[in-house]
Amino acid sequence: MSTYDYDLFTIGGGSGGVRASRFAAGYGARVALAEKQYLGGTCVNVGCIPKKLMSYAAHFRDDMEDAKGFGWQIGQTHHDWAALIANKNQEIERLNGIYRNLLNGSGVEIFEAHASIEDAHTVIVNGKRITSRYILIATGGHPTLPELPGKQHGITSNDFFYLPSLPPRAIVVGGGYIAVEMAAILNGLGSQVTLVHRGPQLLRTMDADLGRFLAVEMEKKGIKVRCNTLIEALTADGHNKQLRLKNGDEIDADCVLFATGRHANTEKLGLESVGVKMKEDGAIVVDQHFCTDVPSIYAVGDVIDRMALTPVALAEGMVVASALFQDGGRKISYENIPTAVFSHPNVGTVGLTEAEARAKFGEIKIFKSEFKPLKHTLSGSGECALMKIVVDAKSDKVLGVHMVGADAGEIMQGFAVALQCGVTKAQFDATIGIHPTIAEEFVTMRTPV
């Protein structure tokens with residue numbers, strides 16, 4: 001009989017922690033999980049789910065405007081921000097309950113409290129010492145404010161989801177996926193938005209054409225995009241906020257949202273005292289099996305800072321559960337992981353960027369198309385789409401597929417399967433397109449640029 005209270009004690013009730021705990025319990029392990037804030041983690045509460053719901057809400061303004069070109073006469077409209085937030089909160093509460101039921105149904109004991117690590121096999125919860133054969137850290141990450149005078153007058157993406165009202169004027173600082181998504185939502189719901197980014201292009205970790213093209217499309221919708229822009233300070237006078245730039249310009253707003261970085265939730269866990277190695281930014285260092293320097297302590301998800309995506313955390317959690325309590329047959333590859341940005345228009349991408357492909361393979365072929373989708377030939381909208389394929393010139397293997405346009409995330413999922421199977425450009429060409437769709441452009445591009 002085991003001398004430990006549990007076989008696995010998970011700290012963190014987000015996607016990775018819940019998945020690992022459920023699977024471990026399914027394999028016969030005795031499992032407990034501690035969550036001090038809310039079940040579901042960032043994704044369910046202040047990330048993917050509420051963001052996508054609010055993105056849907058923000059799209060309706062364009063939809064109603066587009067409808068005029070198709071003969072619809074729509075009268076005066078008004079958006080009720082309070083109703084949106086209340087309905088969003090209700091859905092989040094429902095999902096919290098689902099996560100709780102999933103854990104209970106799997107036989108996982110839940111501790112709604114902060115947990116810290118005392119030694120390699122002991123955690124402290126509510127002042128009580130609990131022992132476990134293995135400990136899994138899945139505490140996720142949190143948004144941080146930049147080191148800037150007056151930063152306390154700004155908010156983060158966490159705060160955005162609980163704003164009491166829609167700000168008439170908003171500044172979003174940042175150029176990554178959170179920044180462009182928040183800017184698009186605010187703009188779509190009626191805010192006057194300025195997007196301020198210190199770098200030369202948006203979405204710098206993705207293919208360069210995506211950020212360049214998206215900036216143009218966002219400006220068409222009325223968002224002021226200012227790249228290569230450095231900030232001096234943020235000041236506040238009552239409800240009015242003023243962002244002072246290093247070039248001397250000043251921008252007034254009712255809300256300043258910083259989307260300039262996230263850091264791992266590793267404070268007050270006791271990691272230093274037990275010898276768990278961390279990076280300078282606080283992220284936990286793990287090996288290919290997600291094990292830390294302490295053989296009994298593992299970590300998955302945003303807290304290890306590999307790829308901050310919910311499906312990745314889920315996959316990592318299943319790998320750990322399988323390795324510890326089953327046959328260890330589950331693996332994860334970080335190649336060809338698709339992702340989407342729910343900006344307006346959407347961005348979807350999978351595989352290597354053009355720059356990455358050139359560095360790794362040398363000679364490559366690029367197929368690219370920019371066009372106005374059929375819908376907008378009547379809608380009157382100037383929104384365009386970008387499709388791009390990156391191909392290894394020697395093997396004809398497709399290395400990357402990238403898109404800016406409506407439903408890019410939905411479209412990219414299927415192409416991610418193709419890349420996992422090692423698809424070639426010849427196989428793209430041999431595929432019959434679905435006409436008329438945006439997606440068919442990916443199988444009709446024949447001439448490299």
Legend entry - Selection from segment 413-446 of residues that are within 20 Å of residue 364 (Cβ to Cβ), of a type in the set (A, V, I, L, M) and in contact with a strand residue (DSSP E or B) (Cβ under 8 Å, 6 or more places away or on another chain): 416, 418, 419, 423, 445
Inset, instruction - Look at residue 92 and say whether it is under 30 Å from residue 318 (Cβ atoms), in a helix (DSSP H, G or I) and open to solvent by less than 30 Å² (accessible area, probe 1.4 Å). - result: yes
Legend entry - Total residues in segment 89-124, condition hydrophobic (A, V, I, L, M, F, W, C), more than 12 Å from residue 39 (Cα to Cα) and under 27 Å from the mean Cα position of the chain (by Cα): 1
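Test residue 84 against the stated conditions and say whether it is open to solvent by 40 Å² or more (accessible area, probe 1.4 Å) and under 23 Å from residue 192 (Cβ atoms).
When the stated conditions are applied, residue 84 does not pass them.
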Legend entry - Filtered residues of segment 286-306 (kept if within 19 Å of residue 261 (Cβ to Cβ) and at pLDDT 95 or above): 301, 302, 303, 304
Inset, instruction - For residues that are charged (D, E, K, R) and in contact with a His (Cβ under 8 Å, 6 or more places away or on another chain), scanning just segment 248-288, find the one that is surrounded by the fewest Cβ atoms within 10 Å (Cβ to Cβ). - result: 268
Inset, instruction - Would you confirm whether any residue within segment 434-448 is open to solvent by 20 Å² or more (accessible area, probe 1.4 Å), within 26 Å of residue 219 (Cα to Cα) and small (Gly, Ala, Ser)? - result: yes
Legend entry - Residue among 180, 193 that alone is buried (at least 24 other Cβ atoms within 10 Å of the Cβ), in contact with a helix residue (DSSP H, G or I) (Cβ under 6 Å, 6 or more places away or on another chain) and in contact (Cβ under 8 Å) with a residue 12 or more places away in the chain: 193
Inset, instruction - Give the residues of segment 196-215 that are surrounded by fewer than 18 Cβ atoms within 10 Å (Cβ to Cβ), touching a helix residue (DSSP H, G or I) at 6+ places or on another chain (Cβ under 8 Å) and over 22 Å from residue 258 (Cβ atoms), sorted by residue number. - result: 208
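Yes/no matrix, rows are residues, columns are (1) assigned to a strand (DSSP E or B); (2) hydroxyl-bearing (Ser, Thr, Tyr); (3) surrounded by 18 or more Cβ atoms within 10 Å (Cβ to Cβ):
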| position | (1), (2), (3) |
| --- | --- |
| 4 | no, yes, no |
| 9 | yes, no, yes |
| 17 | no, no, yes |
| 37 | no, no, no |
| 42 | no, yes, yes |
| 50 | no, no, yes |
| 63 | no, no, no |
| 74 | no, no, no |
Legend entry - Enumeration of residues in segment 216-238 that are surrounded by fewer than 21 Cβ atoms within 10 Å (Cβ to Cβ) and touching a Cys at 6+ places or on another chain (Cβ under 9 Å): 216, 220
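Regarding residue 13, is this residue open to solvent by 20 Å² or more (accessible area, probe 1.4 Å) and either touching a residue at least 40 places away in the same chain (Cβ under 8 Å) or not in a strand (DSSP E or B) (or both)?
In short, no.
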Legend entry - Scan of segment 399-427 for residues that are in a helix (DSSP H, G or I), under 17 Å from residue 352 (Cα atoms) and free of Cβ contacts under 8 Å to residues at least 60 places away in the same chain, ordered by number: 414, 417, 418
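The values are calculated or read from the model by the stated rules, or taken from the named source; none is laboratory data. Keep in mind that what you see is a predicted model, and the values were worked out from it rather than measured. A quick note on method: Cβ atoms are made from the backbone with ideal geometry, for glycine too, and the neighbour counts reach across all protein chains shown. Remember, those area values only see protein heavy atoms, side chains included, never the ligands or the DNA or RNA. Shrake-Rupley method; radii C 1.70, N 1.55, O 1.52, S 1.80 Å.
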